[in-house]
1. So residue 109 clears everything in (1) of a type in the set (S, T, N, Q); (2) buried (at least 24 other Cβ atoms within 10 Å of the Cβ); (3) part of a loop (DSSP other than H, G, I, E, B) except one condition, right? Which one?
2. Of all residues in the range 63-97 being assigned to a helix (DSSP H, G or I) and in contact with a Gly (Cβ under 9 Å, 6 or more places away or on another chain), which is farthest from residue 14 (Cα to Cα)?
3. Any residue in the range 291-306 that is assigned to a loop (DSSP other than H, G, I, E, B) and closer than 21 Å to residue 100 by Cα?
4. Starting from residues that are assigned to a loop (DSSP other than H, G, I, E, B) and buried (at least 23 other Cβ atoms within 10 Å of the Cβ), keep the ones in the range 212-237 and report whichever is farthest from the chain's Cα centre (by Cα).
5. Could you figure out which of (1) of a type in the set (Gly, Ala, Ser); (2) farther than 20 Å from residue 213 by Cβ; (3) under 18 Å from the mean Cα position of the chain (by Cα) isn't true of residue 311?
6. Could you grab me the full set of residues in the range 81-106 that are more than 19 Å from residue 281 (Cβ to Cβ), open to solvent by 30 Å² or more (accessible area, probe 1.4 Å) and in contact with a strand residue (DSSP E or B) (Cβ under 7 Å, 6 or more places away or on another chain)?
7. Would you please list the contacts, defined by Cβ atoms under 8 Å and residues six or more apart or on different chains, that run from a residue in the range 69-94 that is under 15 Å from residue 49 (Cα atoms) to a residue that is of a type in the set (D, E, K, R) and surrounded by fewer than 16 Cβ atoms within 10 Å (Cβ to Cβ)?
8. Taking the stated definitions as given, is residue 296 aliphatic (A, V, I, L, M), open to solvent by 20 Å² or more (accessible area, probe 1.4 Å) and over 21 Å from residue 165 (Cα atoms)?
Amino acid sequence: MACGLVLDPVFLKHENPAGHPERRERVGVLLDRLVPPPAGWIRIPPPAARDEDLLRVHDFAYLARLKKAAERPLCALDPDTYTSPGTWESAAAAAGGSVRLAEEVVDGSVSAGIALVRPPGHHAERDRAMGFCLLNNAAIAAEWARREAGLRKVAVVDFDVHHGNGTQAAFWRRADVLYVSTHQYPFYPGTGALTEVGEASGEGFTVNFPLSRAKDDGFYSALYRRMVVPILREYGPELIIVSAGYDADTRDPLGGMKLTPAGFAAVTEALCRTAREVADGRICFLLEGGYDLDALLEGVTATMRSIEGEAAPVLEGGEEFEEYRRRVLGGLQRWWKSL
C-alpha cells in the first residue's frame, strides 16, 4: 500500500520577517526535491481545516484574533511569532492537511504518512500563539481521531528539540491521548520537566524525557527503543501522531543536540515498528521544527525511507544513556510497569 505525503505550495504563503529561522524556504527545499513524490508515495492535497476541528483545541476568540491579524501586513503576536496576509491560508491548510493525513491513515487509504506543513504547531496553546506556532496541528489531528474517527486511544510523540508545551496542555487532564516528548531541557519554552506528568484522570499520561544538550544518534536510538517504545506498547494506542522536529540535528542553528539523519531514521523505525505492533501500522508524522535546510531535507528523507520500511542502523546508547535511564526510571515506573 502507498504512503501519504502532504506537501503543497500553500505553505509558502505564510511570511516571517527577513532573517527569521522559520522561513518559507523550509517548504521550498522540500517542494524542489520531493515533488513529484518518490515511488510508493501519493500526494494528498491539504484542505483548509474545518471550524469544528479547530474549536476542539483553540478558543473561538483566539481564532478570530488570528484571522484578523492575518488581514494586516506583517504583525508580531510575540517576539518570535508573526502573521502576514497569507498566514491564515497556510495555517488552516497545515491543520487541515494534518487531519486529512490522519483520515487517510485511519481509513486505510494509505499505510502511513508524513505532512510537511508550515507554520508548525506544537507550541500553540488554546488561546495563544508562540514559538513560531499558530494552530496546534498535532493536537487538532489527535482530537479528530478521538471525536470523529472514534478511536479510544491516541498517542502523540514529539521528537522536536523543543518541548511541545501546547500539545501537553491540550491533553494535560486526559487519559485518552498520551503525550510523550523527548527534548532539550532547560531550553525554550521552559516546560517539559520529568515531574510534569498530567493531572486528574490524565496523571501519568504526560511523559517527558528532558535531556541535556549534545545527545547523539546512539542516545536517541536507545531512548526510543528502551523507554519510549515500551510505554507505547503498554498504552496501546490505535493511532500514533508524531511531532517531527528536525532541529535536534547537529547542524541546526537553534538546537544543541547532535543527531544526524541516521538518528532520525533509527527513531522513525522504532516508532513505525511499534505502530505495526499496536496500531495496525497507523502512524502520521507532522513537521514541526528544523531550520538548517540541508539538515531538514536529509532528516525528512531519512524519515520517509524508514516509513517505507528501510532498515535503520543499530545504534547503542553507551554509558551516558544507561546513567540517564537509571536516573529517570524511578519517576516513571509508578505509571509504566513495562519500564
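The values are calculated or read from the model by the stated rules, or taken from the named source; none is laboratory data. Computed from a predicted structure; not experimentally measured. Neighbour counts run over all protein chains shown; Cβ positions are idealised from the backbone, glycine included. Areas reflect the complete protein model, heavy atoms only, side chains present, ligands, DNA and RNA absent. Shrake-Rupley method; radii C 1.70, N 1.55, O 1.52, S 1.80 Å.
1. So the condition that residue 109 fails would be (2).
2. 95
3. No: zero hits.
4. Looking only at the range 212-237, we keep the residues that are assigned to a loop (DSSP other than H, G, I, E, B), and these are 212-215, 236-237.
Cutting the leftovers down to buried (at least 23 other Cβ atoms within 10 Å of the Cβ) gives us 215, 237.
On the way: 215: 19, 237: 16 Å.
Taking the candidates together, the pick is 215.
5. The single condition residue 311 does not satisfy is (3).
6. Passing the criteria: only 82.
7. Cβ pairs passing all conditions: 88/67.
8. no
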